[in-house]
Amino acid sequence: MISKDLLDILVCPFCKSEIRPDDKGTMLKCLKAECAFEYPVQNDIPIMLINKARRPCLKCGKQRDWNEDAGIVSCPECHSEMKYGFTLNGKI
Ligand SMILES: [Zn+2]
Ligand SMILES: [Zn+2]
């Protein structure tokens, strides 16, 4: 299990929101609905890397592309975009 102390300080590296483990503790999910990235947990160590996360598109469910240089995730299917560090008012 991941310690609660660690969970309390971890945030989603993309949107800076809270994250919570799933029931099995095999991944950490971002609580911000517009983001909803899922970070893998390997040997109780959370892999908090955007490029290792599942990044399902909210509209079509496709894995979104992460452009590290631009700080943008975009869907190859429906072209919705989110920018690094976005807030609730951010473009989706
Ligand atoms: Zn997030
Ligand atoms: Zn999409």
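Relative contact order for the chain using alpha-carbon pairs under 8 Å, separation at least 6, rounded to a whole percent? Intermediate values should be presented prior to the final figure.
Details: 154 pairs, mean separation 16.1, N = 92.
The value is 18 percent.
Principal axis extents of the C-alpha atoms in the stretch 3-42 (largest first, rounded to whole Å): 24, 18, 15. Quarter the surface of the alpha carbon convex hull of the stretch 25-92 and you get the mean projected area, 4.6 square nanometres. Per-residue ellipticity at 222 nm, computed for the chain from helices alone with -39500 (n - 2.57) per DSSP H run of at least four residues, works out to -1500 deg cm²/dmol.
Here, each number is a calculation from the coordinates, and none is a lab measurement. This is a predicted model, so every value here is computed, not measured.
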